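S.K.: Could you have a look at this structure, given as structure tokens, before my questions?
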Amino acid sequence: MEKREGEAEPEQKEEEEQVVNPWMVSAKGGGKIDYDKLIDQFGCQRIDQSLVDRIHRLTGRPPHVFLRRGVFFAHRDLNEILDAYERGDKFYLYTGRGPSSEALHLGHLIPFMFTKYLQEVFKVPLVVQLTDDEKCMWKNLTVEESQRLARENAKDIIACGFDISKTFIFSDFDFVGGAFYKNMVKVGKCVTYNKVVGIFGFTGEDHIGKVSFPPVQAVPSFPSSFPHLFPGQDNLRCLIPCAIDQDPYFRMTRDVAPRIGYHKPALIESSFFPALQGETGKMSASDPNSAIYVTDSAKEIKNKINRYAFSGGQDSVEKHRELGANLEVDIPFKYLSFFLDDDDKLEEIRKEYGSGRMLTGEVKQLLVEVLTEMVERHRRARAVVTDEMVDAFMAVRPLPNMFI
């Protein structure tokens, strides 16, 4: 049975083994995140093969590698979105980025790579929220620095290849007001202080800016927040691709939505991209050696993989040949499972490396090649993104061909 949305959440209690919320991801004892337990805690559903097959059938396109391999592993009401799509009804996509660093790391890219796929195969519009106000409050950045980082991050997002005729990127500092703010007030009136404390774990030490922020991230789920895009389309459904640590925002949103006349937004949620040092949570922008950045050179990528990527291989070649690698903890193999698109090649590595016939150095070398090519491709795309292009994506304008 699905957990009642909006109620106090157990992941905030001290006795719980793991904490997953928008600001903290940790497992008890520095271990791995238990995603099955997380699904039970949050009350979402696991994406099964029948759902992947249905997306394949409806779109006529091969499922994205992140779907095939379970990177996006959980959902809320995805079947309802697909039911509507099959009836010929439209929907739109909403995702976002909290701009707290100069450049994105690979973990930041994952939702945008997947969202680009969804935009292409379903031929639907997308709104991208840059929560520069949130990072100003949580990271103690100045307003001006938060705004600057938002524009820099927008260039990386645009470089992922989004269709400008179907995409609106906005920063909260620039856009919040009008219809958007009216929806924020409607949401705010429906959520008590006790409820927001239960969901997000705020304490008496948190300033009121933090407590007042959740409606800002909630209301892009409602089409009337964008009258320039969706005039008179208040019944339009919304699908949100995001990492599962953002789920608390949208549990709150889904609890409120029917009370103010909107569909509950649907979600498709990803696991965390692990740090180089091991699968204990997600990459951290505060530790440059825990992550591969889109600004890293080929030399830096090679150095980070060889020095910091945690290996599941054995202590000696002889022992490795005998026992093989522990693929459950091996970070190079896990990274390849995200970014090596060739299923047959990955399965070959799984067998050869897991049996000991393939050595850690060989797997790391292959990963270096895959990531270097991917980062270089992104860097080339970003290099041609001008300030004028950012302005064009962020211009408040209708998108007349957004459903074509």
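The values are calculated or read from the model by the stated rules, or taken from the named source; none is laboratory data. Predicted model only: the values in this text are computed from it and were never measured. Note that each Cβ is placed from the backbone with ideal geometry, even for glycine, and that neighbours are counted across all protein chains shown. Each accessible area value is taken on the protein alone, full model and side chains, heavy atoms only, with ligands, DNA and RNA left out. Shrake-Rupley method; radii C 1.70, N 1.55, O 1.52, S 1.80 Å.
S.K.: Which three extents, in whole angstrom, do the alpha-carbon atoms of the chain cover along their principal axes, largest first?
M.R.: Its Cα atoms span 67, 49, 46 Å along the three principal axes.
S.K.: Now, a different point. Using bins 5 angstrom wide from zero, how does P(r) for the stretch 232-356 break down, in % of all Cα pairs?
M.R.: Whole-percent P(r) values from 0 Å outward: 2, 9, 14, 15, 15, 12, 9, 8, 7, 5, 3, 1, 1, 0.
S.K.: Would you kindly find the accessible area of Ser355, with a 1.4 Å probe and non-protein molecules such as ligands, DNA and RNA excluded, rounding to the nearest 10 Å²?
M.R.: 40
S.K.: Also, I was wondering about something else. Using a 1.4 angstrom probe on the protein heavy atoms only, could you order Thr192, Thr131 from most to least accessible area?
M.R.: Sorted by accessible area, descending: Thr192, Thr131.
S.K.: Collect residues whose amide H, placed 1.01 Å from N in the peptide plane, falls under 5 Å from the amide H of Ser171; neighbours closer than 5 in sequence don't count.
M.R.: Leu130
S.K.: I've got another one for you. So which GluC sites (Glu not before Pro) in the stretch 177-280 are both in a DSSP loop and have at most 14 other Cβ atoms within 10 Å of their Cβ?
M.R.: Loop-located and lightly packed - Glu205.
S.K.: Oh, and also: Top to bottom by accessible area (1.4 Å), largest first, where do Arg87, Arg97 land?
M.R.: Arg87, Arg97
S.K.: So, with a 1.4 angstrom probe, what is the percent of accessible area on the stretch 1-160 that is carbon and sulfur?
M.R.: For the stretch 1-160, the apolar C and S fraction of the accessible surface comes to 47 percent.
S.K.: List the DSSP H helices in the chain whose Cα atoms stretch 30 Å or more along the helix axis and whose mean Kyte-Doolittle hydropathy is at least -1.0.
M.R.: Helices meeting the criterion: 360-383.
S.K.: Here's another thing I want to ask about it. Which loop-located trypsin sites (Lys or Arg not before Pro) does the stretch 319-394 contain, where loop means any DSSP state but H, G, I, E or B and the Cβ has at most 15 other Cβ atoms within 10 Å?
M.R.: Of the trypsin sites (Lys or Arg not before Pro), the ones in loops of the stretch 319-394 whose Cβ has at most 15 other Cβ atoms within 10 Å are Arg357.
S.K.: If you take the alpha carbon radius of gyration of the stretch 186-286 and divide it by 2.2 N^0.38 Å, what ratio comes out, to two decimals?
M.R.: Rounded to two decimals, the normalised Rg is 1.24.
S.K.: For the stretch 223-293, what does the accessible surface come to per residue with a 1.4 Å probe? Please give it in Å².
M.R.: 29
S.K.: Net charge near His207: determine it from the other residues with C-beta under 15 Å of the C-beta of His207, scoring Lys and Arg +1 and Asp and Glu -1.
M.R.: -1
S.K.: Another question, then. Kirkwood Rh, the stretch 298-384, all Cα pairs: how many Å?
M.R.: Its Kirkwood hydrodynamic radius stands at 13.4 Å.
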